[in-house]
1. With the condition kept exactly as written, say whether any residue in segment 94-104 is under 30 Å from P252 (Cβ atoms) and open to solvent by 60 Å² or more (accessible area, probe 1.4 Å).
2. Can you pull out the residues in segment 19-49 that are more than 60 Å from the chain's Cα centre (by Cα) and of a type in the set (G, A, S)?
3. Sort through A182, A168 and tell me the only one that's more than 16 Å from ligand 1 (Cβ to nearest atom) and of a type in the set (A, V, I, L, M, F, W, C).
4. So for segment 138-151 (the condition being touching a residue at least 12 places away in the same chain (Cβ under 8 Å) and within 23 Å of M209 (Cα to Cα)), does at least one residue qualify?
5. So which of I123, I141, I99 is among the aliphatic types (A, V, I, L, M) and more than 15 Å from ligand 1 (Cβ to nearest atom)?
6. Could you please find all residues in segment 167-195 being of a type in the set (K, R) and assigned to a loop (DSSP other than H, G, I, E, B)?
7. Restricted to segment 204-248, and to residues that are β-branched (V, I, T), surrounded by 21 or more Cβ atoms within 10 Å (Cβ to Cβ) and within 14 Å of ligand 1 (Cβ to nearest atom), which residue is nearest to E271 (Cα to Cα)?
8. Test G191 against the stated conditions and say whether it is away from ligand 1 (no atom under 16 Å from the Cβ) and open to solvent by 10 Å² or more (accessible area, probe 1.4 Å).
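The values are calculated or read from the model by the stated rules, or taken from the named source; none is laboratory data. Just so it is clear, the structure is predicted and the values come from calculations on it, not from any experiment. Methodologically, a virtual Cβ is constructed for each residue, glycine included, from the backbone with ideal geometry; neighbour enumeration extends over all protein chains shown. Keep in mind that these areas ignore ligands, DNA and RNA; they rest on the heavy atoms of the full protein, side chains included. Shrake-Rupley method; radii C 1.70, N 1.55, O 1.52, S 1.80 Å.
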Amino acid sequence: MKLSPEFVPDDDLNTQLRAAKSQLALYAKDLNELLVREQKKSRKLEATNKQMQAYAQDLKAAYHAERRKTSELEKAYADTVVRLTLASRYKDEETGTHIQRLSHYSKALGLCVGLSEDEAQLIFDAAPMHDVGKVSIPDMIMQKRGPLDEQEWEIVKRHPVFGANLLAGSPSQLLETARIIALTHHERWDGTGYPQGLKGNDIPLGGRMVMLVDTYDALRSRRPYKPAFTHTKVCDIILHGDDRTQPTHFDPQLLEAFREIHEQFDVIFSEIAEEGMAEG
Ligand SMILES: [Fe+2]
Ligand SMILES: [Fe+2]
């Protein structure tokens, strides 16, 4: 309020003014203290924020280190199982190049039916372990040159379950995928496969894929009971059937994909060829 020059305050007014002034001074002091406290608080908050950022940075680094360790561990697991798979092939007519080709066919097929690169890679890494259960089948059966009798055949048909038991109980996604493939790679779409006689989509995709690519590669390879067939003949058997193989054994969607990319299979087969193998 502006006072006019001729206005002379009386004593009471003076006293009131002084009181108001000192009150204002007190308020100003309080405000100042409040401001200092707030500034201190905000400095503290800033320091805490910086510390939190540092923690987050540390956590991020620890997370990445942990992921690296996990994937190294996973690779070590996979490496062990692949070695076991390689050991099992000595009992069998299947070879190291067979399991390499299987990975490549499976990945190509997976990408063709819309799997992501990571999903297709998982099948690529897991497929080689499909027959690991054969380590548990006696040599006299695995290496028998004549046809198997019914009892021997029943023992061979246990290899999916043996393999799945061998791979079970691991926290690794790779080994879990390998377990599912090992258990289901002899199931057939029409329910005539083993060990569980699963049908259609009850068979996991990895099992359905390995079923098809394993058949392709077995038909292309020489076996004690059959010569190696040409790509054209194998396509004909898979797509139209013969006395052992029927198109109803395979997932129709995968058969369609095979029809689309069968030439890639031929390239894979030729590039990862069997040593000294003659094509019939
Ligand atoms: Fe098998
Ligand atoms: Fe195989």
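1. Within segment 94-104, one or more residues are under 30 Å from P252 (Cβ atoms) and open to solvent by 60 Å² or more (accessible area, probe 1.4 Å).
2. Selection gives A19, A20, S22, A25, A28.
3. Answer to the selection: A168.
4. Initially, segment 138-151 is screened for residues touching a residue at least 12 places away in the same chain (Cβ under 8 Å), giving 138-139, 141-143, 145, 147.
Next, only the ones that are within 23 Å of M209 (Cα to Cα) stay: none.
No, segment 138-151 contains no residue that is touching a residue at least 12 places away in the same chain (Cβ under 8 Å) and within 23 Å of M209 (Cα to Cα).
5. Details: I141 fails: more than 15 Å from ligand 1 (Cβ to nearest atom); I99 fails: more than 15 Å from ligand 1 (Cβ to nearest atom).
Only one candidate qualifies: I123.
6. Result: R188, single match.
7. Kept after step one, since they are β-branched (V, I, T), are these residues of segment 204-248: 210, 213, 215, 230, 232, 234, 237-238, 245, 248.
Next, from what is left, pick out any that are surrounded by 21 or more Cβ atoms within 10 Å (Cβ to Cβ): 210, 213, 234, 238.
After this cut, where a residue has to be within 14 Å of ligand 1 (Cβ to nearest atom) as well, the list is 210, 213.
Details: V210: 19, V213: 16 Å.
Among them, the one singled out is V213.
8. yes
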